[in-house]
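J.: Dumping the structure here so I can ask a few things about it.
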Amino acid sequence: MENTLDHNEFDLEPVSYCPRCYSLKIGYIPGVEDSDYCMDCGCIDVARGNIYDWEKLYESRYGHKFVVNHKSLEGHPLWKLPLKDLRTKVLESPYYKEIIKEVYPEWTNYGNIVDTVFLFFDNVVKDRMLPKLKRVMITRYQNGKL
């Protein structure tokens, strides 16, 4: 007798995710009860559900599916922009706050637009989030919200 689940049964198995940023990177501290936490944003609340429900939440929040063909995005003109030009695109966008929120859901450092965007880019580079920012911007460009 085989002890494997078929594909549909496997997809219905519950997944743990962060209800704040919808990350699937849930960590825990060994030996400590109820020590689950989000490895991306640090939230200590953890939700559980099937992968389809999580995928809908993620797409609703970020405007794209979690699994994206990154190779096709790397050929996009926005992907190839130098950092300075990418920063200018964000500065000129009426949606700059939404772009920032998609990369950093808990962002609260809003001052004047120039200071905000420069601080944001400082964090993006430091945290190595440039590929994520580029994916966000390309998706927004394709949806006409850049």
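The values are calculated or read from the model by the stated rules, or taken from the named source; none is laboratory data. Fair warning: this is a prediction, and the values are worked out from it, not measured in the lab. Quick reminder, even Gly has a Cβ in these numbers, built from the backbone with ideal geometry, and neighbours come from all protein chains shown.
J.: Does Glu9 satisfy the condition of being surrounded by 12 or more Cβ atoms within 10 Å (Cβ to Cβ) and modelled with pLDDT under 90?
T.: no
J.: I would also like to ask the following. Spot the failing condition for Lys134; the list is (1) free of Cβ contacts under 8 Å to residues at least 12 places away in the same chain; (2) over 17 Å from Ser60 (Cα atoms); (3) of a type in the set (Lys, Arg), and only one is missed.
T.: (1)
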